[in-house]
Every structure is written in C-alpha cells, then in structure tokens.
Amino acid sequence: MPNHDGVYRHLFSHPALVRELLRDFTPLTWLGDIPVECFQRINGSYANEQARQRHSDLVWCVKHGDAWLYFYVLIECQAQPDRWMALRMQVYSGLLYQELLASRELDAKRRLPPLVPVVLYHGEQPWRARRNVADLIERMPLLPAEWTPRHRYLLIDQRRLAADVLAECKGLVAHLFRIELSDSPEVFQERLPMLLAWLKQKDYADLRRAVELWLSQRVNPEFGDDLGIDWEEPTMAAKFPRKFETWRDYVKHEGREEGKAEGKAEGKAEGMRIMLRDLAGERFGAVPQSVESLIATVDDPQARRLLAALLQSATPDEVLARMRRAS
C-alpha cells in the first residue's frame with residue numbers, strides 16, 4: 001500500500017491539480033488562466049544521490065507566453081517542520097539550474113528562467129521554519145548585507161488554511177483538503193458529490209485512482225488501498241451516512257460489507273436525489289425550487305442527464321433548458 005508521501009506525490013503528478021494548488025493557495029492566481037496543456041512535468045533526477053534519498057520532488061515547467069516558467073514543487077509529508085528547509089530549497093533550485101544548463105535546454109545568451117520553490121506541508125505542528133535562507137545566516141557588521149545569500153520559498157501550510165479561504169475555493173484540491181482536515185464522515189458525504197462531479201470532467205478523468213488512494217489513506221488505512229468506490233455510481237454519497245461521528249465509527253460499522261439499502265430501488269433513488277441536491281447546492285447556493293422539483297421526481301436515466309446538466313450549466317435556468325432539450 002502506498003505511504004502518505006507517495007499518495008500526495010501521485011496526486012500532484014497531475015497537471016490539473018498542480019495548477020489548482022498554485023492558483024488557489026499561493027499568490028499566483030493568474031495561473032488559473034493558463035491551459036492545463038501548458039503544464040509539463042520534467043525529470044527531477046538532477047539532484048545528487050544523497051539528495052534523492054532524502055526527499056521526493058516534483059518539478060513542473062509552465063509555458064507562459066514565449067517563455068517557460070519553472071516551478072519546483074516539493075511535497076513534504078514530515079510530521080515536524082524542517083528548520084533548514086530554506087537552505088534545502090536553495091540547494092535543489094541550484095541543482096535544477098545546473099541540470100538545465102548541462103542539458104543545453106537553455107539559450108546561453110539569455111538569463112536563467114524564473115523558478116518558484118513551493119513547499120506543501122501538512123504536519124500537525126505549526127510551521128515556524130524560516131522561509132528565506134538569509135534568515136539562517138549570522139549577520140556580521142563588517143560585511144555588506146548584499147553579500148548575504150537570499151532565496152525564499154512559498155509555503156502552503158495545509159492544516160492552517162483559513163476556513164474562509166477553503167470555502168471560496170471550488171476546485172478538487174480544496175475539496176480534498178476539506179476532507180483531510182475533517183474528523184467526520186459527514187464532510188465526506190457533503191463533498192463526495194463534488195468529487196464525483198470533478199472527476200467526470202475531461203481534465204480530471206485520469207485522476208480517479210489517485211483520489212481513491214488518497215481517500216483510502218484518510219478514511220480507512222487499515223483496510224488497504226481499495227475503498228470500492230464506483231465513480232459512475234450516482235448513489236455513492238448515500239453510502240456514507242451522517243449518523244457516524246468519526247471515520248473510525250463508520251469503518252467499524254460498515255467494514256467491507258456492501259450496503260443493503262443501496263441495493264434496493266427506493267434506496268438507490270434516494271441516494272441519487274441526495275447527491276443531486278448537494279451538487280445543486282454547491283453550484284448555485286440554495287437549491288432553486290425549479291431544480292428541486294426536478295430532483296424530487298427524477299428516475300435513473302433522468303438523474304444522469306440532470307447530473308450532466310448541473311455540471312455544464314452556469315445558472316438554474318440553463319439547467320432547465322438543457323433538461324428540456326434532452327427530453
């Protein structure tokens with residue numbers, strides 16, 4: 001079974017999630033306007049052998065206009081903050097530049113491309129490590145300050161993201177972070193419809209296995225890496241009832257058994273309505289009465305059409321128009 005570090009690296013090996021992470025949780029919001037096709041992962045084996053044994057890295061280059069912008073994304077899964085992270089990031093950034101020069105990928109007549117080091121941290125303790133290597137170096141009055149090396153990294157401290165920031169972000173990464181920070185399966189039930197919705201989109205189609213591995217670590221690591229999620233099943237949200245207070249309570253109750261109520265036609269229909277209602281609420285705030293009426297009477301074929309309409313529509317009126325055209 002993959003460890004937590006490996007699961008995170010698996011997730012952020014996908015360009016759509018890297019774009020979301022940087023767009024929603026760093027000042028680089030303009031990255032949201034760059035197509036996913038402009039994100040290219042490059043080989044991170046430029047580091048020396050000892051460095052490769054000490055960390056796992058993801059290196060992305062982003063096409064912006066006529067230039068490539070290099071992002072060095074370090075996925076940190078350690079329980080304790082690293083006091084020397086600023087120094088490590090400076091070393092790794094230098095190694096990347098050296099590799100780019102050695103591979104002749106850069107125009108020798110131009111300057112080095114910009115590079116943004118990013119640390120994603122989700123340990124329990126607050127991150128208090130210095131973010132600029134200059135802050136790790138003793139000051140000496142006789143030496144000019146400009147001789148002190150300077151190199152700063154961006155920090156995403158997942159466990160201390162503000163609730164209002166997470167609430168404003170509608171992407172898949174934000175939904176996964178909400179589940180990660182929750183101790184209740186109720187949050188999973190509320191967010192699962194949106195997970196299903198995101199993973200039906202073209203840019204996210206190849207992410208299903210990575211998300212299931214991630215969820216298996218969060219929900220029930222003692223049962224392995226297969227949650228048995230059927231991403232095409234519209235009643236998945238009904239399989240995580242709200243009566244349980246913790247994930248462990250849910251796992252103890254359900255184990256590996258198939259839910260009996262979901263096998264019944266009535267339970268299946270109710271599960272579809274729960275998912276569609278939650279999805280409509282996420283898309284439009286309060287569920288409009290016109291959409292609620294559709295949900296209340298939906299059958300299985302209509303539910304799939306309504307799901308597609310909710311995903312593709314910007315307003316409730318557009319949902320109704322799509323449903324009329326499909327009928």
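The values are calculated or read from the model by the stated rules, or taken from the named source; none is laboratory data. Since this is a predicted model, take the numbers as computed values, not measurements. Quick reminder, even Gly has a Cβ in these numbers, built from the backbone with ideal geometry, and neighbours come from all protein chains shown.
Summed over the stretch 13-63, residues that are hydroxyl-bearing (Ser, Thr, Tyr), in a helix (DSSP H, G or I) and either over 16 Å from the mean Cα position of the chain (by Cα) or at pLDDT below 90 (or both) total 0.
Considering only residues that are surrounded by 10 or more Cβ atoms within 10 Å (Cβ to Cβ) and without any contact (Cβ under 8 Å) to a residue 12 or more places away in the chain, which ones fall in the stretch 119-142?
Going through the stretch 119-142, the residues surrounded by 10 or more Cβ atoms within 10 Å (Cβ to Cβ) turn out to be 119-123, 125-127, 129-137, 140.
Across the stretch 119-142, the qualifying residue is only MET140.
When the residues of the stretch 179-220 are narrowed to those that are in a loop (DSSP other than H, G, I, E, B) and either of a type in the set (D, E, K, R) or over 22 Å from MET272 (Cβ atoms) (or both), which ends up modelled with the highest pLDDT? In this case the residue turns out to be LEU181.
Here is a yes/no grid of residues against (1) surrounded by 12 or more Cβ atoms within 10 Å (Cβ to Cβ); (2) free of Cβ contacts under 8 Å to residues at least 12 places away in the same chain; (3) over 26 Å from CYS169 (Cβ atoms):
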site	(1), (2), (3)
ARG283	yes, no, no
GLN289	no, yes, yes
ASP299	no, no, yes
ARG304	yes, no, yes
PRO316	yes, no, no
VAL319	yes, no, no
ARG325	no, yes, yes
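Looking across the stretch 78-102, the residues that are surrounded by 16 or more Cβ atoms within 10 Å (Cβ to Cβ) and either free of Cβ contacts under 8 Å to residues at least 12 places away in the same chain or closer than 20 Å to ARG9 by Cα (or both) come down to PRO81, ASP82, MET85, ARG88, MET89, TYR92, SER93, LEU96. Comparison of LEU166, LEU155 shows that the only residue that is within 22 Å of TYR8 (Cα to Cα), in a strand (DSSP E or B) and either among the aliphatic types (A, V, I, L, M) or touching a residue at least 40 places away in the same chain (Cβ under 8 Å) (or both) is LEU155. Has the stretch 82-92 got at least one residue that is touching a Cys at 6+ places or on another chain (Cβ under 9 Å) and modelled with pLDDT under 90? Scanning the stretch 82-92 turns up no residue that is touching a Cys at 6+ places or on another chain (Cβ under 9 Å) and modelled with pLDDT under 90.
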